[in-house]
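The values are calculated or read from the model by the stated rules, or taken from the named source; none is laboratory data. Because the structure is predicted, anything quoted here is derived from the model rather than measured. Every residue, glycine as well, gets a Cβ built from its backbone with ideal geometry; the counts of neighbours run over all protein chains shown. For the accessible areas, the whole protein counts, side chains as well, though only heavy atoms, and no ligand, DNA or RNA atoms are used. Shrake-Rupley method; radii C 1.70, N 1.55, O 1.52, S 1.80 Å.
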Amino acid sequence: MENWLESHRFSARFNAGESGHVPHTLGAFLEGLQADFPFSLKETLLEESLQDAPNMGLWELRERVAALHPGACPENVLITTGTSEALLLLLRQLKPRKVAVLVPAFQLLTEIPRSLGASIVPLPVHWDEKGHPVADIAGWCALLKTENPDVFLLNHPHNPSGLVFNDSELKELCAAAESVGCVVVGDEHYRFLSEPTPRLGRTVYSSGRFVTGSFIKCTGTPGLRIGWCVGDPRVLEHMQSEKNYLTHTVNPLSQRLALWFLQSYQGKNSFFSIQHGIWLENRDAFSKWLLSQNQWKGCAPAGGLVTCLFPKSDELQQMHQLLERGVFLLPLSTFMESSLTDLWYGDGFRLGLGLPPTQFAKMLSVMVL
């Protein structure tokens, strides 16, 4: 997957293979946040000491992250270098033998457990004849109860389908997992973009569960490499002990910028509300486009910045024609793993909705081949 992305992210005219908003410059990010602060963010950032930050993360930042998860306090939060590091460190502590995952899945969710000797219990997402994802809640619960995994990695909103579950569905899935002694780990990277208004979506966090998350894809700031894990402080301490041999502490500049974002988000929300509006605009444009043509099938994501799009003709031919027109979509074949997901969906693509609306509309216009 990463090789595909790297081969096209800097050359495609329309890069819709990515899973986040188009990245902002540092200046644009600070300018967008500035309206919510009485002091100069740029001048204050220049005064930031380039020293190691506290091992567990800045206390103020941990307070802000805890506030996103009802029932959590700063001691329940570890700041990490992205959610990838959080998941790696957490799974190494949990030492699972069986891990349940919604598939198709971002490969990290299956490859890290396998590297630790765990087997995968796949919970397959299917697509109907219209290209809409289908959540088989009852079937997944049955698999959880019969397969007895010891960790359930619940990616929600789901990448790449764009599925979002309601409170009842989340409760049913978590209850099924915990009925067999399974630890629920919520991978909630798209939680900031899962509601029709710029407010947080649902979290599965509670006592005994873990959550990893970030805002960097939802805000077009992936280079900040900020993530977190929320859960049992005793487990987090062991995670940080191992982190000392990896990235040690998270860059203090990234942490300061993350703190300002969360302060803005939990205040007037001047910056993020614009990013949320772009997401809604592109979702609406994509839905209307799907109704206006007969070459593709799919639907706008209920949450997150990605969805799956299926051609009604030859997929390989479509891919070459798209690339000739400067459009890069990520082939769903990059999610496939032998014996795991090969048979669960047809040829298609993951499409990202992170382009600026004008550019996104232009891309859709050239995708009708």
Practice task
Six or more apart or on different chains, Cβ under 6 Å: which pairs go from a residue in segment 278-306 that's farther than 23 Å from residue 321 by Cβ to one that's open to solvent by 30 Å² or more (accessible area, probe 1.4 Å) and not in a helix (DSSP H, G or I)? Could you list them?
Solution key: 302/164; 303/164
Fill in the blank from the handout: Being exposed (fewer than 15 other Cβ atoms within 10 Å of the Cβ), of a type in the set (Gly, Ala, Ser) and either outside any helix (DSSP H, G or I) or touching a Pro at 6+ places or on another chain (Cβ under 6 Å) (or both) narrows 267, 227 down to just 267
Practice task
Return yes or no: is residue 154 open to solvent by 10 Å² or more (accessible area, probe 1.4 Å), closer than 24 Å to residue 98 by Cβ and within 18 Å of the chain's Cα centre (by Cα)?
Solution key: no
Exercise for the section: Among the residues of segment 230-259, count how many are in contact (Cβ under 8 Å) with a residue 40 or more places away in the chain and part of a loop (DSSP other than H, G, I, E, B). Expected result: 9
Completion exercise
Over segment 275-310, the set of residues of a type in the set (A, V, I, L, M, F, W, C), more than 15 Å from residue 349 (Cα to Cα) and either surrounded by 15 or more Cβ atoms within 10 Å (Cβ to Cβ) or touching a Gly at 6+ places or on another chain (Cβ under 7 Å) (or both) is 278, 279, 280, 285, 289, 302
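For the condition within 22 Å of the chain's Cα centre (by Cα) and not small (Gly, Ala, Ser), what is the one hit in 15, 55?
Values: 55 fails: within 22 Å of the chain's Cα centre (by Cα).
Criteria check complete, one pass: 15.
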Problem - Pairs where the first residue, in segment 352-363, is under 14 Å from residue 274 (Cα atoms) and hydrophobic (A, V, I, L, M, F, W, C) and the second is open to solvent by 10 Å² or more (accessible area, probe 1.4 Å) and not in a loop (DSSP other than H, G, I, E, B), C-beta under 8 Å, 6+ apart - result: 355/15
Practice task
For residues that are open to solvent by 30 Å² or more (accessible area, probe 1.4 Å) and closer than 20 Å to residue 103 by Cβ, scanning just segment 338-357, find the one that is modelled with the highest pLDDT.
Solution key: 347
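Using the structure shown, decide if residue 139 is over 17 Å from residue 308 (Cβ atoms), open to solvent by 10 Å² or more (accessible area, probe 1.4 Å), in a helix (DSSP H, G or I) and not aromatic (Phe, Trp, Tyr).
Details: over 17 Å from residue 308 (Cβ atoms): yes; open to solvent by 10 Å² or more (accessible area, probe 1.4 Å): yes; in a helix (DSSP H, G or I): yes; not aromatic (Phe, Trp, Tyr): yes.
So residue 139 fits the description; yes.
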Problem - segment 205-218, subset open to solvent by less than 10 Å² (accessible area, probe 1.4 Å) and part of a loop (DSSP other than H, G, I, E, B), residue nearest to residue 20 (Cα to Cα) - result: 215
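Where in segment 1-50 are the helices (runs of 4 or more DSSP H), entirely inside, with at least 1 residues that are open to solvent by less than 30 Å² (accessible area, probe 1.4 Å), within 30 Å of residue 348 (Cβ to Cβ) and at pLDDT below 95? Spell out the reasoning first.
Values: elements: 2-8, 26-34, 41-46.
The qualifying helices (runs of 4 or more DSSP H) are 2-8.
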Practice task
Would you be able to tell me the number of residues in segment 230-251 that are open to solvent by 20 Å² or more (accessible area, probe 1.4 Å) and among the basic types (Lys, Arg)?
Solution key: 1
